[in-house]
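Scroll down for the structure; my scribbles are underneath it.
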Amino acid sequence: MGLVRTSAKTGEAASVIGAGAAPGRRARIAAVIEVRLSQLVVVEKGGYQFVRLEECEPASTAGRRVLTLVIGPAEAAEIGRCLSKEQTLRPLTHQLAFDILSRLGGKIERLVIHDLRDSTYYGRLDLATPQGPVELDCRPSDGIALSLRAGTPIFVAEKVMAEAGTVPG
């Protein structure tokens, strides 16, 4: 089993771009919580991997809630490369996507994991572009890899954390 631990910047909950927002405007969605990637776990024998996202600020005296997401091997490898600052000889998929966005004048502002339906998490990357704000639907694992590469915050909707988050201990 390989284990990589990292911490991200702490911060405050923020509003995020909403699906119904007019171009260039931000709509508020339900409360979001800033989280940090606390663990990337790769279980080589079992062939599975997951990440743990931990609240930056605990919501109660019980402690910081943690959200565990099972992810694919390619995303786990990319997250591991981002954490270790490993460079590849040629750009891989996430690096290419990040480079395209950057060269077109855009930047990733944040990832929001905003929904959980039928055991599937839904994420959204909020981008700033020369044409204004843009939202992109994404798998949370891809969003985590891109957010780590960009150095931008990750948020989880309170409703998702309330439903699926746990307090270790």
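The values are calculated or read from the model by the stated rules, or taken from the named source; none is laboratory data. Being a predicted model, the structure only gives us computed values, none of them experimental. Every residue, glycine as well, gets a Cβ built from its backbone with ideal geometry; the counts of neighbours run over all protein chains shown.
General remarks:
- Subset of segment 62-78 that is of a type outside the set (A, V, I, L, M, F, W, C) and in contact with a helix residue (DSSP H, G or I) (Cβ under 9 Å, 6 or more places away or on another chain) - its residue that is farthest from GLY143 (Cα to Cα): ARG65
- Residue among GLU163, GLU135 that is acidic (Asp, Glu), part of a strand (DSSP E or B) and touching a residue at least 24 places away in the same chain (Cβ under 8 Å): GLU135
- When ASP99 is tested against (1) surrounded by 17 or more Cβ atoms within 10 Å (Cβ to Cβ); (2) modelled with pLDDT of 95 or more, just one condition goes unmet, and that condition is (1).
- Residues in segment 43-87 that are touching a Lys or Arg at 6+ places or on another chain (Cβ under 7 Å) and either acidic (Asp, Glu) or outside any strand (DSSP E or B) (or both): GLU54, GLU55, CYS56, PRO58, ALA59, CYS82.
- Every residue from segment 88-124 that is free of Cβ contacts under 8 Å to residues at least 24 places away in the same chain and in a strand (DSSP E or B): ARG117, THR120, TYR122, GLY123
- Segment 117-137, residues that are buried (at least 19 other Cβ atoms within 10 Å of the Cβ) and closer than 22 Å to LEU40 by Cα: TYR121, GLY123, ARG124, LEU125
- Within segment 52-65, considering residues that are over 12 Å from VAL35 (Cα atoms) and of a type outside the set (Ser, Thr, Tyr), the one modelled with the highest pLDDT: GLY63
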